[in-house]
Amino acid sequence: MRMELRVCRQCHTGEHGDDRKTAITRDMVACAEAIREYKDLISLEAVYISKVEEGDAGGAEALSVIVAGIEGDTVTLQDTQLVIEDDDGNMLVYPEPADILEVLTRNLDQISGGTRQDVAVELSAESAELIT
């Protein structure tokens, strides 16, 4: 299995000025980084983390799936998403931050059951609120 987290670079750096979104984006990246470090414990072949420009159709490091939506009369591309490819080549795509955090924290829980290392990521209040 492979996993790729794609986030908006401006959200991650705080350039958008939305503190809540910045905290959640940084938490997603921190979780994915911890998973990448211990990926072998949960049979992940690779974990990719891509920071893309807002609305960028590219930016996929390995798993080229893009989620789109419609806002008014305009098709918009999701710049934040979690893509997981299973061993059969099926793609699971999570575009919602709450779902992304839920999947990532469940993976961390699974990892912590297989190691004595502390793999916990301290989530911001904003992220904790999303997944409780």
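Calculate the spin-label point distance for D40 paired with D88, positioning each point 7 Å from the Cα along the beta-carbon direction, and give it in nanometres.
2.8 nm
What's the carbon and sulfur percent of the chain's accessible surface, probe 1.4 angstrom, rounded to a whole number? Kindly include the intermediate steps, with their values, before the conclusion.
Details: 3070 of 7300 Å².
The nonpolar share, carbon plus sulfur, comes to 42 percent.
S50's amide H: which non-local residues (gap 5+, or another chain) put their own amide H closer than 5 Å, with H modeled 1.01 Å from N in plane and none for Pro or chain starts?
HN-HN under 5 Å from S50: L5, R6, V7.
Could you check which residue among T22, T74, T115 shows the biggest mean-square fluctuation in a GNM of the chain with a 10 Å Cα cutoff?
Taking springs between Cα atoms under 10 Å, the residue moving most is T74.
Heavy-atom accessible area per residue, the chain, 1.4 Å probe: how many Å²?
Working: 7300 Å² over 132 residues.
Heavy-atom accessible area per residue stands at 55 Å².
Provide the per-residue ³J(HN,Hα) series for region 87-94, in order, calculated from phi with Karplus coefficients 6.51, -1.76, 1.60 and θ = phi - 60°, each as a whole number of Hz, with x at glycine and proline positions.
Each residue of region 87-94 in turn: 5, 9, x, 6, 10, 10, 10, 10 Hz.
Once every DSSP H run of n ≥ 4 in the chain is given -39500 (n - 2.57) and the sum is divided by its residues, what mean residue ellipticity at 222 nm do you get, rounded to the nearest 500 deg cm²/dmol?
Numbers: 4 runs with 47 residues, N = 132.
The helix contribution divided over the chain gives -11000 deg cm²/dmol.
Please work out whether region 3-48 counts as rounded, prolate or oblate from its C-alpha gyration tensor, where a ≥ b ≥ c are the square roots of the eigenvalues and a/c under 1.5 means rounded, while otherwise a/b larger than b/c means prolate and anything else oblate? Present the calculation step by step, with values, prior to reporting the outcome.
Numbers: a/c = 4.36, a/b = 2.75, b/c = 1.58.
Here region 3-48 falls in the prolate category.
Nothing charged except the Cβ atoms of Lys and Arg (+1) and of Asp and Glu (-1): what's the magnitude of the dipole of the chain about its Cα centre? Round to the nearest 20 debye.
Numbers: 11 positive and 28 negative charges, 63 e Å.
Roughly 300 debye for the chain.
Which of P95, M3, V52 sits farthest toward the positive end of the charge dipole of the chain, with +1 on the Cβ of Lys and Arg and -1 on the Cβ of Asp and Glu?
The Cα lying farthest towards the positive end belongs to M3.
Using a Gaussian network model of the chain with C-alpha springs under 10 Å, which one of G14, G113, G69 is most mobile by mean-square fluctuation?
Per the Cα network of the chain with a 10 Å cutoff, G69 tops the list.
Long-range amide H contacts for T76: which residues qualify at under 5 Å (H placed 1.01 Å from N, peptide plane, sequence gap of 5 or more or a different chain)?
Amide H to amide H, under 5 Å and 5 or more residues apart or across chains, T76 pairs with G69, I70, E71.
D118 versus M1, label points 7 Å from Cα toward the beta carbon: distance in nm?
2.7 nm
Which residue fluctuates most in the GNM of the chain (Cα springs below 10 Å): D79, D109, D99?
Maximum fluctuation in the GNM of the chain, among the listed residues, is at D109.
The values are calculated or read from the model by the stated rules, or taken from the named source; none is laboratory data. Remember, predicted model here, so these are calculated numbers, not experimental data. Note that each Cβ is placed from the backbone with ideal geometry, even for glycine, and that neighbours are counted across all protein chains shown. Quick note on the areas: whole protein, heavy atoms, side chains included, nothing else; ligands and nucleic acids left out. Shrake-Rupley method; radii C 1.70, N 1.55, O 1.52, S 1.80 Å.
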